[in-house]
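I have placed the structure first, in the form of structure tokens, so that the comments after it can refer back to it.
The values are calculated or read from the model by the stated rules, or taken from the named source; none is laboratory data. Being a predicted model, the structure only gives us computed values, none of them experimental. When we count neighbours, we look across all protein chains shown, and the Cβ atoms used for this are built from the backbone with ideal geometry, even at glycine. Surface accessibility is based on the protein's heavy atoms, side chains included, excluding ligands, DNA and RNA. Shrake-Rupley method; radii C 1.70, N 1.55, O 1.52, S 1.80 Å.
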Amino acid sequence: MVTEKNVKELENSQASLTLTVDAATIEKAYQERLAKYAKTIEMPGFRKGHVPTSVIERKFGKGIREESTFDCMEENLKETIETLEDSQKPLPYSVPELQDEESLLPFKKDSDITFTVKYDIYPKFDLPQYTGLEVEVNKGEVTEEDINSEIKKLQDQNAMVVKKNGPAAEGDIVNVDYSELDAEGNVVENTERKGFTFTLGSGYNFYKLDKDFEGMSAGEEKKIEKTYTAEDGVTGYEGKTVSFLLKVNEVKYRDIPEVDDDFAQDVKDEYKTVEDLKNGIKAQLESSLEEAMKNNKSNAILNAIAANADFAIPASMIDAEVENSWHNFVRQSGIPEDQLMKFLEMQGQTKAQFTEAWREPAKADIRKQLILDAIRKKEDFKIDEEKYAKTCEEEIKESYSDEQKEYMKSMIKDDMQYSMTVPFLLENNTFKEGKTLSYKEYMTPTEE
């Protein structure tokens, strides 16, 4: 059993937990492990299960004592963590790390063990001012150019795709094969793509080969050399000259429809004229712009609050967020994870190096999430009891234990309060109008 425990909060949202496990507990664990081995171990001159424990101790005692003592320490650590206050417990994705392991060895018989683990804890911080602030935000407006741009997209979406007999040009849809070639002209392993379809000019291929396929007709094959610059955006290939084998299997083009009343009616039955179409598009853009401006206000006020909230984000929190972003990246790429990893390896990159640029944005996002949660707790918003009861009824199953039901009720309440936090900030802060941007400018992400 644990005879002593001491929790100490450290810098960078970490804590150390020091435990002393008494000798009797450790010896009991050792004897149990010894007895277990005695039943199963095989040694020359003895029948299985009949090896004297004294013989086992002489030969394997040191290893068994280490094994049983470490297991005993781990078991008592888990039990002790359950008794800690929530603010002192490790984060779910933070594994306690044993400190100064070498100083504990060798384990001695009939001796207490005092050891220390370090882990990440939920950050503690004082909330800065979060109401009565004034922040500047840009305004968006829908222009004629924005409307025409949307009409062009609709033309592209409604275009007929027709087989093309001539050479491929920008905007054409091509089905191609391509692969890297080594110095001897052989295909480099794991670089071959067959039957890959994309639109020339879209850049929707790993090697940015759009221009290289232009002018090629169906059935044509050629070898090329391509030198990459940093501007090409092909990570790991900057400054390299690479040989490729290219082949075009098929070329198609889009037959773009004219913008007339018939086209408007094809887009939506309720549109009778081109003017109806334009008005409908304008209303849709204004609706999405309004939502974007609301989000921009939310981000602006959260950035202003976060600028005055100086606290450490645990590394394990950032790691978990980056890992989640990686899984999203793999899913959106449509490329199997093992193949992506091989691409990175070919470029001389590790997964950690590739995702390094994601860490600072992840850190900023986590900071804002923690601030929002702290505001939620402090304000303790009054929720709609009827909606709360209905949600609990829908989401909590009868098969849940009482403990599970209480946990679910708490989570549902937290979620409902959390959803009230941003509207509260928007109502209790002032927003000064900045630059007026077109819909396209406003909706185009910019690096801060």
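Placing one equal scatterer on every Cα of the stretch 195-279 and applying the Debye formula, the log10 ratio I(q)/I(0) at q = 0.16, 0.21 Å⁻¹ is -0.72, -0.96. Here is the tail figure for the chain: Cα pairs spaced more than 43 Å apart come to 45 percent of all pairs.
The value for the stretch 1-140 of Rg(Cα) / (2.2 N^0.38 Å) is 1.61.
In whole angstrom, the stretch 342-442 maps to an equivalent ellipsoid with semi-axes of 36, 27, 13, each derived as √(5λ) from the alpha carbon gyration tensor and ordered largest first. Placing a label point 7 Å from the Cα of Ser111 along the Cα-to-Cβ direction, the residues of the stretch 66-93 whose backbone N falls under 19 Å of that point are 66-74. The alpha carbons of the stretch 13-93 stretch over 57, 25, 17 Å along the principal axes, in descending order. Proximity of backbone amide H atoms, modeled 1.01 Å from N, is registered between Gln14 and Ile121 at under 5 Å, excluding neighbours fewer than 5 places apart on the same chain. Placing +1 on each Lys and Arg Cβ and -1 on each Asp and Glu Cβ, with no other charges, gives the chain a dipole about its Cα centre of roughly 1640 debye. Classify the stretch 117-226 as rounded, prolate or oblate from the Cα gyration tensor: take a ≥ b ≥ c as the square roots of its eigenvalues, call it rounded if a/c is under 1.5, otherwise prolate when a/b beats b/c and oblate if not. Note, shape of the stretch 117-226 comes out oblate. Accessible surface calculations at 1.4 Å, restricted to protein heavy atoms, place the chain at 61 Å² per residue. Solvent-free Debye calculation, one equal scatterer per alpha-carbon of the stretch 170-322: log10 I(q)/I(0) at 0.09, 0.14, 0.16 Å⁻¹ equals -0.63, -0.90, -0.93. Counting protein heavy atoms only, the stretch 54-154 has 44 percent of its accessible area on carbon and sulfur, 1.4 angstrom probe. Dipole size of the stretch 311-448 about its Cα centre, with +1 on Lys/Arg Cβ and -1 on Asp/Glu Cβ: approximately 440 debye, rounded to the nearest 20.
With the alpha-carbon atoms of the stretch 260-302 aligned to their principal axes, the span from lowest to highest coordinate is 47, 13, 12 Å, starting with the largest.
Label-to-label distance, Tyr400 versus Glu337, with points set 7 angstrom from Cα along the beta-carbon direction: 2.9 nm. In whole percents, the pair-distance distribution calculated for the stretch 391-437 from its alpha-carbon pairs, binned every 5 Å from zero, is 4, 18, 18, 12, 11, 9, 8, 6, 6, 4, 3, 0. Rounded to the nearest 20 debye, the dipole size of the stretch 181-261 about its Cα centre is 320 debye, using +1 on the Cβ of Lys and Arg and -1 on the Cβ of Asp and Glu.
If R0 is 22 Å, the Cβ-Cβ spacing of Lys409 and Ser325 corresponds to a FRET efficiency of close to 0.10.
Take the Cβ atoms of Asp261 and Asn299, set R0 to 45 Å, and the FRET efficiency comes out at 0.60.
Solvent-free Debye calculation, one equal scatterer per alpha-carbon of the stretch 255-370: log10 I(q)/I(0) at 0.10, 0.18, 0.20, 0.22 Å⁻¹ equals -0.62, -0.93, -1.04, -1.16.
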